[in-house]
Every structure is written in structure tokens, then in C-alpha cells.
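Have a look at the structure below before the remarks.
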Amino acid sequence: MNYCHVRLKSDVRCLPEALVENDADILAGPDVISRLPALPTPSHVIPSVSIPFYDDVQATLFGKELLYEEMEYSWGILKPFLETGLITLKSGLLPYKKGFCCQRCHTTSKKSFGCFDCFRCHKKCVYCRHCIMMGRISTCSVLLRWNGPAPKYHYNDILLKWDGTFSNGQQKAASKIIETILEQADILVWAVCGAGKTEILFSGLEQALRIGQRVLITTPRTDVVLELLPRLRKVLPTTSIAGLYGDSEEKHNPAQLIIATTHQTMRFTSTFDTVIIDEVDAFPYTADHSLTQAVTKAKKQQAATIHLTATPTPLLKKRVNANRLPCVRIPQRYHGFPLPVPRFQWIGSWQTRIENRSLPASCNKWSQEHIEQNIPAFLFVPSVAVLEKVTDLLKEQWPAVEGVHSGDQERLQKVNQFRKGSIPLLVTTTILERGVTIPGVDVAVLGAESAIFTESALVQIAGRAGRSKEQPGADVVYFHFGKTNGMVAAKRHITTMNRESNQKG
Amino acid sequence: MSYCLYCGENTTPLTSWTSLFLPSSPSLCSECVASLERITGNVCPTCSRPQTSATVCEDCLRWENSSQWSGLLEQNYSLYMYNEKMKDVIARWKYRGDAVIGYGFHQPVVSVYNKYFNGYVPVPIPLSKERAEERGFNQSEMLASFLQRARPPSPSIEHALIRSIHEDKQSKKSRQERIHSVIQPFQFNKKSSIKGKNIVLLDDIYTTGTTLRKAADILKKHGAKKICSITLIRG
């Protein structure tokens, strides 16, 4: 399909060739969309006459940029929208320096682009492989953008159904968040693991939704989206909420509150007044530049941004230290007890031992003690390869032991079994470093000197332990073959937070 | 440095005389290759189905006993099993449209062609116009194009078939529906010439063999000599 620039009354519109009338005043084209010059996007177009399917198209497209293939409407239905400028078209890929830039995921890296003989434009066509899972976007694809008014939300009756109480730290952070939302500023909420991060958002969310703001809560992890969704539906029963993740079925729900993985935010464009990024330092958000850009693209020019984490990245800390990013710290856990401080245990060359099919003695003893005394235990390992070997070795002694990693189909079931107690000890990669709460669990890291166990990973791992009020103390041990800066920094991080919370408390 | 076409990890190919003198073509990394299961050992000589003995399998006997289908397809050679990894690869290649993944199969397909079907005329299984428009590319055509760039190159591709009827996707049908579907989706392309030639059909997957036999039927009626097929997967 080729596209043309056509003069309609006083405006120039981009239309697919099939919709262009015979006597139209064609200014450019017909040509592949990426070769046509870009047109300015009109803002706040108000339809003068009623258009069929208006509400449905608006609901699908509002606040987003979607491929034509993702729309469920034919060009014939979309024609009046295009002619009035309610919807405008733009190229999916644009030339950038010597390569291309994907207009959806903003990737520019050369290795992310592929080339093929395209049946649609009958030319060699370049496409973006980085965001291929959301549908192929190539030099001949068009992105549709909504320029009309927002759908009407019923935000007068927003109701917050939550009657919990705040700790002092939470109270302070919650009021800071409200302030930030009203001022449309930025803030970092640095709250230790188990501080009750989600609860402190509630009052801020209520405030924002009540004044008609559109709010995005985004996080790199699907697990976190799945955990947040039911909790927020319960406390905000009258709000329209949509959860977006890989297999979600709510992709076309233009809800006022969106809870999405950072990948899913790629479809949005300048629509959110408040963006809350939970676990802002988690993989892959910090590793993938295009995700940071996607979140920036999703919010309006004037918007509040709330970064939420227990372990801010060095970059965030630097911005805080330079006074460019306000920060509120919650050094104390919700239940008021200090964080368990990790201890270090030297175990020698554990890799050689595992190759020779035995576990380091102290690590094996630790496992044995926990299994015999019925204390649930996490054993973190640096890689999937190590995971398999260690799980095998433990299974030989205690067959109920299991291992999980990111590619494991039964991950959720295994975690649930662990929670119920039918798995006494769970071997895991860093995949479970966040978001899992198991009461009374003890934690060990095997090979804590590995590069994958950064300061933040180790702090998060230690943060799994002692989260319940009934059992606030716990054993956290790093089995290592040589102390690293990361391990020392993690311990210092935890003791500093404990000291700070003592002084405040 | 090159990257695996599927998982994007760095691959460091072994240095060999070929890699020194010829530009390396994009490929899959050794881990991805290892998780794709090549068909080895005893197979049905007609359809490549893996089995305990090397005799013709029951399904193929049934095909050959039917007067309508007997003798149409001489041999099908499939390269891979349809395991979980392959399902993921195919989903991304064919359905998501990540066309370049296909290049990962360049070498294996070419070597099968050279070994078993050298000199045969490649004929890709076409897509209907609607499906081609939807997908943007034809995976069978891509497999055929590899043979053109082989050394020595194959005879030029004949687009001998046209898919005029737009059916539901084969993968959405049951086995019985596929075998008993009487619709002949293909037509002969009058611009091509295949008279007296040996033909190798190319497709991504052999499931029941219905599609390939329907295609072979048309080609036979227009004078093709021997018809074989290379399919990437034995489903």
C-alpha cells in the first residue's frame, strides 16, 4: 500500500492511495510512507459532525500509536477520521544517521534491523526486530495516532477502599507523593524491601485520579504487574483499570489507570499525567535504553514521575546527590524491625567442587539444617547452568528440592508450592530477587562473588528475608570465594539503613 | 562479531578457511542450533518420519494405496523435528514475520539439496494473495531462494503454482479435515515450463502431506517428471 499527501480544503492530509479521489489535489506520492516528508500533527481536533464508530475508534487509539494491522477497522471506516485529522499517519521506521530509527521502540542499533523482500510494497523492506513481538513494523508500515479529545472518565466518584495505617516513614513518603503529583515534578522514593511501597501510593493515586489525571504504573517485571492488579482493583473499585503485559487481553481498554510492563508502554504516546515506575532499577529497564524512552514517550510534556525502588541505580543516586531529583527515604520496614544483616561465609572454589559432584560442606550443612528444621529456604545461584547442577546434587539427598529460572514453564506453580511448604528449599536464579514474599524464609547466595550479584541484587535478595511481623529475624548468608565490592557495599547499604531507621525511630 | 538470529547473543564462529575468505552469513548460535532437533536415525524413506525401522510408514502406505494420490510425491526430506524450540522459532519467523530468522536455515537446506536433489528445479509452495499481503513474505519462497545462491546454483526457481483459493490456515485444522479436504487450492502457472523436469517442492512443514501432494498433482498433470520435496520440519 502506498500513501499520498492530499490537499483537503486548507489542510494537507496523508491518506492511503486507495482512499484518494480521482480529482484530488495530490502534493506528494503515491509512495512508500517512509519516503514521504513528515507532516505536522494537528492538536486537539474536535469532530464537527458525528462519525460512525467514533467511540470505538477513540477507545482503541486514544493515547497510543498503533499499526494499521493492530486496528480492527478498515481504511473505509477510518476515512472520515483521516480527512478531519482526528487520526494522522506516520511512518513506522524513519532513516536515522546511516541506519534507521524505529518510531515505536526508538531502537537505532544496526543489529536490530532486518531486511526482506516485502510483498506489500514490492521492494526490499527494512523492519525492526527489537519490537517484533508487538507486530512487525517496517519501512512501509504506518502508525496511526489519535489527535482528538480524550474519552470521558467518570472520575467524580473515585473511591479509595483502604483503611490500613501508615508507619511514620510511609506517612511522610505518601504526602510527598501527593505533593509531587500536584506539582507535576519528579521524585525518587527509596524504600527498603518490606517498607510497604504499594500502600504509600494509594492516597496519591486517589488524588490524581480524582482530578481526572490519567495514570500509568509501570514496572519491568510481569510478576509485579500481576501482583499489583488485583490489589489495586480492590482498593480502587470504581476506577477503570487495565493491566497490560504480554498475554493480556485488555490491550484496547482505554482505562484511566494503566498498569503495564515497561515493554507495553511502547504503544503509548503523550497521554499520562502521572507515571509511577516501580522497581525502576530492575532488569531490563535499566539495560535497555529503548524502554526508558518508551516511558518518556508515554507521558505528557508536563507530567509527574515517581521512581520507586529499594536499590536505586548509581545514576539515580547521582541525580539525587546533585539535587536534581528530590528523594524521600523510608529506611524502616513496615513492621518496625531492622533488616536482617547478611553474613559472609568463605567456601573456597565451589565451582570445582560442583564439577566433582559435591556441594561445599558449609552450604550443604546450611541446606540440611533448614530442611530438617522445616525452615523454608531460598538458595540463589549465579546462572542456569549452576542451578541445574546444584538442584541435582540437592535432589539426590532431598528429592523434594526444586529449582526455578526464567525459562521455567512451571515457575509460578513451583513458587506456590514453596509458599505452601511442599518444597522445602528452592534453588533459584536472580529471577526471584524481587516481589516474592514468603513468611519466615531464610536466604543464602551461592557464589556471591559472581558479577551478576551486584550490590542491588544482593540487597534485594537479603530483602526477601524477615518480612513478616511474626518472624522479623532471619539468617541471610553469602557463600563466596573471595569478597567483592558488591558484597561489602550491600552489607553497608543494609547496616546504614538500619542505623538511619534507629535514629528516626 | 556476529549475533545469533534468534536469541541475539554474541556468537564467535570458529575461524576456518571459509570464514577467513568469505563474508560470514548470519546464522544461529550453537546453543540455539543444539536445541533444534535434527532428524537422524531410522526414518520412513517416503516422508522422513522418525521411527524404529527404515520401512515405509503406514500413512505413506495409505497414500500409495489410494488411486488418487499414489505415485505423486516420490520423497519428502525433512530436516528438523517440530519440538518446543522449533515451535517458538517458527512462530517468530512465520507468524510474527521476523523474516531474517530464515537465513539461519540457509546452510542446512542447501546441503540437503546438493546431497539428494541436485539439479532438480525448485518450486516453492505459494501463499494466497490475501495471506501474502498479511504476512508480507513467503517462507517457502525464502527457502527456495537459498538454492539459487548455492554453489553450484540450482536451476532457476519456477513459480509453477498459483494459490488461487484462500483457505483457512492449515495449522488451524484437524488431521482429518486436512486429509479429507477436497479443495484443490493450487492452479498451474501457465507462464512456467516444467515439462519433463525433476521438481523439488519447498515448504516449511510436512504435517499430513496433503498440501504437498495437491501441489504435486497439478505439476504431474502438466508434465513434471519426478517430484520430491524438502521441508524444514516433520510435524
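Every number in this text was worked out from the coordinates using simple rules, so none of it is lab data. Predicted model only: the values in this text are computed from it and were never measured. Ideal geometry is used to build each Cβ from the backbone, glycine not excepted, and the neighbour counts take in all protein chains shown.
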Where both partners of a DSSP beta bridge lie in chain B, what percent of those bridges are antiparallel, to the nearest 5?
-> 30 percent
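Is there a simple number for the mean count of other chain Cβ atoms within 10 Å of the Cβ of residues in A:136-145, and what is it? Walk me through the intermediate numbers first.
Numbers: counts 7, 1, 3, 0, 1, 1, 0, 0, 0, 0.
Partner-chain Cβ atoms within 10 Å, mean over residues of A:136-145: 1.
Full extension from A:K124 to A:W75: what is 0.36 nm times the residue separation minus their Cα-Cα distance, to one decimal in nm? Don't skip to the end; give the middle numbers.
Details: separation 49, 0.36 × 49 = 17.64 nm, distance 2.46 nm.
The A:K124-A:W75 span can extend by a further 15.2 nm.
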More than 32 Å apart: what percent of Cα pairs in the protein assembly as shown qualify?
-> 63 percent
Expressed as a whole number of Å, what is the distance separating the alpha-carbon centroids of the stretch A:451-472 and the stretch B:174-235?
-> 60 Å
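Sort A:S109, B:S27 by Cβ crowding within 10 Å, fewest neighbours at the top. Please list the in-between numbers first.
Working: A:S109 12, B:S27 20.
Fewest-to-most Cβ neighbours within 10 Å comes out as A:S109, B:S27.
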Rounded to whole Hz and in sequence order, give me ³J(HN,Hα) for the stretch A:174-180 from the Karplus expression 6.51 cos²θ - 1.76 cosθ + 1.60, θ = phi - 60°, writing x for Gly and Pro.
-> 4, 6, 4, 5, 4, 4, 4
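Sort A:E183, A:E199 so that the residue with the fewest other Cβ atoms within 10 Å of its own Cβ comes first and the one with the most comes last. The partial results should precede the final answer.
Numbers: A:E183 11, A:E199 19.
Ranking A:E183, A:E199 by Cβ neighbours within 10 Å, fewest first, gives A:E183, A:E199.
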Each label sits 7 Å from Cα toward the beta-carbon; between B:E130 and A:K161 the label points are separated, in nm, by 4.6 nm
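Compute the whole-percent fraction of alpha carbon pairs in the stretch A:343-504 spaced more than 30 Å apart. If you can, show how the numbers build up before the last one.
Values: 1421 of 13041 pairs.
Here the long-distance tail beyond 30 Å is 11 percent of all Cα pairs in the stretch A:343-504.
FRET efficiency for A:E183 and B:S70, Cβ-Cβ distance as r, R0 = 56 Å, nearest 0.05? Don't skip to the answer; put the middle values down first.
On the way: r = 80 Å, r/R0 = 1.44.
So, using R0 = 56 Å, E works out to roughly 0.10.
Using 0.36 nm per residue, how much length does the chain from A:T41 to A:S422 gain when fully extended, once their Cα-Cα distance is taken away? Display every interim value, and only then the final one.
Working: separation 381, 0.36 × 381 = 137.16 nm, distance 5.83 nm.
Difference between extended and current length: 131.3 nm.
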Separation of the stretch B:107-121 and the stretch A:327-405 by C-alpha centroid, Å?
-> 52 Å
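Starting from the stretch A:339-381, pick out the trypsin sites (Lys or Arg not before Pro) whose DSSP state is loop and whose Cβ has at most 16 other Cβ atoms within 10 Å. Can you show the working numbers first?
Values: sites: A:R343, A:R353, A:R357, A:K365; in loops: A:R357.
Those satisfying the criteria are A:R357.
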³J(HN,Hα) across the stretch B:43-54 via Karplus (A = 6.51, B = -1.76, C = 1.60, θ = phi - 60°), whole Hz, x for Gly/Pro?
-> 9, 5, x, 8, 10, 6, 6, x, 7, 6, 10, 9
Whole-number percent relative contact order across chain A, with pairs defined as alpha carbons under 8 Å at least 6 apart = 12 percent
Sum of side-chain charges, A:H335 neighbourhood, beta-carbon under 11 Å (Lys, Arg +1; Asp, Glu -1) | +2
Prolate/oblate/rounded call for the stretch A:168-330, Cα gyration tensor, a/c under 1.5 rounded | rounded
Give the shape of the stretch A:298-339 as rounded, prolate or oblate, defined through the alpha-carbon gyration tensor: a ≥ b ≥ c are the square roots of its eigenvalues, a/c under 1.5 means rounded, and otherwise the shape is prolate if a/b is larger than b/c and oblate if not.
-> prolate
Applying 1/(1 + (r/R0)^6) with R0 = 51 Å to the Cβ-Cβ distance of A:S383 and A:R233, what FRET efficiency is obtained, to the nearest 0.05?
-> 0.85
Extension length gain for B:K191 and B:S53 (0.36 nm per residue less Cα distance), in nm, is 45.4 nm
Order of B:F186, A:F53, A:F268 from fewest to most other C-beta atoms within 10 Å?
-> A:F53, B:F186, A:F268
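When only C-alpha pairs under 8 Å and at least 6 residues apart count, what is the relative contact order of chain B, in percent?
Working: 391 pairs, mean separation 48.3, N = 235.
Relative contact order of chain B: 21 percent.
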Partner chain coverage, peptide B:97-103 - average Cβ within 10 angstrom = 6
Under 24 Å Cα-Cα from A:K161, which lysines qualify once same-chain neighbours fewer than 8 residues away are excluded?
-> A:K152, A:K172, A:K176, A:K197, A:K234, A:K469
Within the stretch A:1-21, whose backbone N sits under 12 Å from a point 7 Å along Cα→Cβ of A:S48?
-> A:9-11
Shielding by partners - mean other protein chain Cβ count within 10 Å, residues of B:138-146 | 1
Short version: ³J(HN,Hα) in whole Hz for each residue of the stretch A:120-128, in order, from phi by Karplus 6.51 cos²θ - 1.76 cosθ + 1.60 (θ = phi - 60°), x for Gly and Pro, what are they?
-> 7, 9, 6, 9, 5, 10, 9, 9, 8
